[in-house]
Each structure stands twice: as C-alpha cells, then as structure tokens.
Amino acid sequence: MATRTHFSGGYRTGLRQKTLKRAIPCRGVGLHSGATVSMLLRPAEADSGIRFLRTDVVDRDPWIAARYDRVVDTRLCTVIGNEDGVRVGTIEHLMAALAGCEIDNAVVEIDAAEVPVMDGSSEPFVFLIECAGTVELNAPRRAVQVRKPVTVGDARRGLTLAPADAFSVDFEIDFASPVVSHSTLDVRLVNGTFKREIAKARTFGFLEDAQKLRAMGLALGGSLENTVVVDGDRVLNEGGLRFDDEFVRHKVLDCVGDLYLAGAPILGRVTATKSGHHTNNEALRALFADPTAYALVEMPESATAYAEALPATA
Ligand SMILES: [Zn+2]
C-alpha cells in the first residue's frame, strides 16, 4: 500500500508524544473487590510510558510499569505486578482509553489493587482524559511496528499480529448464548474511531457466572450499573444494549487495552478469534520474543493519512 506525505497536522518533524495537561481525580468501585477506589491520572515526562503508583503501599515498591512482561494474571481481568509482588488489576479499560486518546505517558495513582470499573466501559476514562486535556512533549511518538506475522493459539481461539500501515482489529466472537452468539467486527482504530465506535461498549457477563463468582468472593462490585448481564435469551439491563453488537465491541476494547501493554501503539493488523486477556498477552510475549518480528519506529504520519483515505468498515 503506497504511503503519502501528509502535513495537515503541521508537524514537519513528525508526531510528538503526548501526556495529560493536568492531573484529574476519579472515584469508583472495584469490580471484583467491591471496594471504593480513588484514582488520580497525572502528567508524566517523555519516554516514561504508562505507570501505576499504589499510594496505599508503603513498605514495598509501589510502582508498576504498564507493560506486557508485568502481566501476572489474566483469568478474570488483566493484572500487572512488580518484583515486590505489588499488583493492580482490571487495568484494561483504562489502558484502552489511554491508547484511544493517544496518551503515551501518564502516572496512574491509585489507593487499591484494582482500577475502578466505572460503567464497565472506557467512556468515563476518555471523558476524564478529555477534561484533563493533553499536551505534546518534545520527543517523537514511537510505535511498535509489526514486521512479520506472529500467531498464538489456533483457528478456534487465537490471535495474529501482521504487518500493516495502520492499527486495525478484526475480531470474532462465538458464544453459545442466543443473545451474545456469533459476531464479527473489523475496525481501523485511528482518528477517533476508538471513541466513536468502541469506548462505550460495556463489559458483559452471564447471570449464572455472576452467581458463581460472588460465591467465590469475586465480582463483588459487579452490578447492572457496570456490567451487561445476560440471562438466557435476555439482557437484564434496563435500556438494553448501547450497540446491537456491544459484546464484540467490548472484546475489541479489551484487546486494544491489553495490546497497549506493548509500551507504545502497535502499527499492525490484529486478527482475533475468541481471544481474551490471556491470548492478548501471549501475542505480545510472542511478538517481543522474536527480534525479527517487530521494530520500534517513529510513528509515521502516513499511518494516519492512510487511515483517513479509507472508510472504516465497522
Ligand atoms: Zn473488559
């Protein structure tokens, strides 16, 4: 695919890294703990990436870098941890918002081991980031460019990262549930597509699973306020779904958030079948395990120009 020069951004020297203009607080409930959590998103210097700071931890290292090689649990959500065993979980919806808003550097101060679930989507985090505003830093924006296809899993459940001129995700889900069922979505995630098409999609679960999780002391903060709950052939939430295909959109949201643990935006095409937090993380580990499969490059403006030249196929 031919690239073309694109100067409408006005940056002849290339795209710059971004951070927040000012710090912005929020409070919410942890999906699994049910505890009230205070969080503060604040600006950070160039090349520092996204880092979590556990303000309630005093006797151990409270810093956790939001990177794929810090992922320590993927069973119910994505959990990262440091060498002192300090953890923070349910980071994926916040990471997706940071990815979608193109925030390269930020510190996430948090006084608990779980990011608040908010409404179960990324939209409240996008709102916070937009309220804080963004500023450019004096450093080039970098991307992880996929140089050759990397596949984890198989045709039944798996994920492939392949070279492409822009970041896109093609996702397929297939649930036995008549409500969730089979659904696909193919979307280029640039130029506000994330905010328009993906950010509002909420996490979902099945009533019978919620009852089991609660019995195990999990999902204690889960409610119809933050989860689409499916019971047989019905959605229990008043008002129903935000999109007819909200379920697959949320799986794309999770995938975007998990893949932002690459430490930079990915320049490549994601093809995923029934992928979840585990497979998303496995894909990054496989990519970075092969030095010939990727390169850290300056984000080309042509990645944006290319995307603008084509209509989204969602
Ligand atoms: Zn999710």
Can you tell me which condition Val230 does not meet? The list is (1) within 16 Å of the ligand (Cβ to nearest atom); (2) outside any strand (DSSP E or B), and all the others hold. (2)
Regarding Val179, is this residue within 24 Å of Glu123 (Cβ to Cβ), within 16 Å of the ligand (Cβ to nearest atom), β-branched (Val, Ile, Thr) and touching a strand residue (DSSP E or B) at 6+ places or on another chain (Cβ under 8 Å)? no
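Test of understanding: among Val126, Val180, which residue is under 22 Å from Met95 (Cβ atoms) and hydrophobic (A, V, I, L, M, F, W, C)?
The match here is Val126.
A quick yes/no check of all residues on (1) modelled with pLDDT of 95 or more; (2) surrounded by fewer than 17 Cβ atoms within 10 Å (Cβ to Cβ); (3) among the acidic types (Asp, Glu); (4) not in a strand (DSSP E or B):
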{"site": "Ile80", "(1), (2), (3), (4)": "yes, no, no, no"}
{"site": "Met118", "(1), (2), (3), (4)": "yes, no, no, yes"}
{"site": "Pro124", "(1), (2), (3), (4)": "yes, no, no, yes"}
{"site": "Ala166", "(1), (2), (3), (4)": "no, no, no, yes"}
{"site": "Phe171", "(1), (2), (3), (4)": "yes, no, no, no"}
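Conditions (1) acidic (Asp, Glu); (2) surrounded by fewer than 22 Cβ atoms within 10 Å (Cβ to Cβ), marked per residue:
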position: Asp69; (1), (2): yes, yes
position: Asp73; (1), (2): yes, yes
position: Leu76; (1), (2): no, yes
position: Arg87; (1), (2): no, yes
position: Leu98; (1), (2): no, no
position: Glu102; (1), (2): yes, yes
position: Gly133; (1), (2): no, yes
position: Glu136; (1), (2): yes, yes
Which numbered condition Ala139 fails, given (1) touching an Asp or Glu at 6+ places or on another chain (Cβ under 8 Å); (2) within 16 Å of the ligand (Cβ to nearest atom): (2)
Where a residue in segment 224-251 is among the basic types (Lys, Arg) and its partner, wherever it lies, is within 14 Å of the ligand (Cβ to nearest atom), with Cβ under 6 Å and at least six apart: Arg242/Lys200; Arg249/Ile198; Arg249/Ala201; Lys251/Phe171; Lys251/Ile173
Condition check for Ala264: modelled with pLDDT of 95 or more, surrounded by 18 or more Cβ atoms within 10 Å (Cβ to Cβ) and not in a helix (DSSP H, G or I): yes
Condition broken by Ala295, with the remaining ones in (1) farther than 21 Å from Val71 by Cα; (2) crowded, with 20+ Cβ neighbours inside 10 Å; (3) small (Gly, Ala, Ser); (4) away from the ligand (no atom under 16 Å from the Cβ) satisfied: (2)
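Please work out if Asp244 is within 15 Å of the ligand (Cβ to nearest atom) and surrounded by fewer than 16 Cβ atoms within 10 Å (Cβ to Cβ). Reasoning before the result, please.
Working: within 15 Å of the ligand (Cβ to nearest atom): no; surrounded by fewer than 16 Cβ atoms within 10 Å (Cβ to Cβ): yes.
The answer is no for Asp244.
Is one or more of the residues making up segment 284-291 at pLDDT 95 or above, surrounded by fewer than 18 Cβ atoms within 10 Å (Cβ to Cβ) and outside any helix (DSSP H, G or I)?
In the first step, residues of segment 284-291 are kept if they are at pLDDT 95 or above; the result is 284-291.
Checking the rest, the ones that are also surrounded by fewer than 18 Cβ atoms within 10 Å (Cβ to Cβ) come to 285-286, 288-291.
So of that shortlist, the ones also outside any helix (DSSP H, G or I) come out as 290-291.
Yes, the conditions are met somewhere in segment 284-291.
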Which condition from (1) closer than 17 Å to Thr279 by Cα; (2) assigned to a strand (DSSP E or B) is the one that Val88 breaks? (1)
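The values are calculated or read from the model by the stated rules, or taken from the named source; none is laboratory data. Note that the structure is predicted; figures quoted are calculated from it, not measured. Virtual Cβ from ideal backbone geometry, glycine too; neighbours counted across all protein chains shown.
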